[in-house]
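Working notes, beginning with the structure itself.
Bear in mind these aren't lab numbers, they're just calculated from the coordinates by the rules spelled out. Since the structure is predicted, the reported quantities are computational estimates derived from the model, not experimental observations. Here the Cβ is made from the backbone with ideal geometry for all residues, glycine too, and neighbour counts use every protein chain on show.
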Amino acid sequence: MSQAVLALCATSKPELLLAALLPDIRDAVIRACYHYSSDPSEIEDVCHQMIILLMEDDYRRLRSFHLESSIKTWLTAVALHYVSNYVGRQKKAITLDDISREACVCAAVQEAELIAEEMRCELNVAVAQLTAREHQLLELLRRDDLTSADVARKMSTKVESIHRRKYALIKKLRGLVNSTRDRWAAPLKK
């Protein structure tokens, strides 16, 4: 088709131009899809969407062709732009091989509640093994309204001592909780 005929068709009879350009549109879309490594199975869908894009608003995009380049160059530019946006909008598919097995398993609500209850029991057993002074410190540290200075004043000690005792208490509780777990797990291993 000559350039003059293309220009006339683009302005007066764009539907005829579109019908004549269908093979070129498909070629431009195929090149654009391969350029952007798009899935080859989507070529037909993208091709149809591209045709609809050229037909929208009374062939507005098709009428925007002004012979500043060849029709194939113009179609390739339009296809590259459209496929670029199309690929950018697509979410990357995740295969089941990419997902860890643990991510696919959902713990039952009852199981989470049982585990939390078990942890509370272990902590209560550990707290019961504390000395009276450690128990007093724990109760004062649990309160949100007291600062370290307030706790030190109530226990008649220095603030630095409270910090040191706090971390020693946490370490002791962790050790007691872990020993409780070990004692409960030992009968299961036999």
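I want the local charge near VAL159. Using Cβ-Cβ distances under 14 Å, sum +1 for each Lys or Arg and -1 for each Asp or Glu among the other residues. After counting each charged neighbour, the total is +4.
With both labels modelled 7 Å from their Cα along Cα-to-Cβ, the LEU67 to GLN110 distance reads 8.0 nm. For LEU123 and GLU139, the difference between the fully extended length at 0.36 nm per residue and the C-alpha to C-alpha distance is 4.4 nm. Spatially, region 115-143 and region 148-180 are offset by 12 Å when compared through their Cα centroids. Put a dot 7 Å past the Cα of SER179, heading toward its Cβ, do the same for SER161, and the two dots end up 2.5 nm apart. Once the chain from ASN85 to ARG101 is taken as fully extended at 0.36 nm per residue, the excess over their C-alpha distance is 2.4 nm.
For a distance above 15 Å, tell me the whole-number percent of Cα pairs in region 74-177 that qualify. Intermediate results must be reported in sequence, preceding the final value.
Working: 4100 of 5356 pairs.
The share of Cα pairs beyond 15 Å in region 74-177 comes to 77 percent.
For ILE170 and TYR34 in one chain, what is 0.36 nm times their gap in residues minus the Cα-Cα distance, to one decimal in nm?
Values: separation 136, 0.36 × 136 = 48.96 nm, distance 6.05 nm.
That pair, ILE170 and TYR34, stretches by 42.9 nm at full extension.
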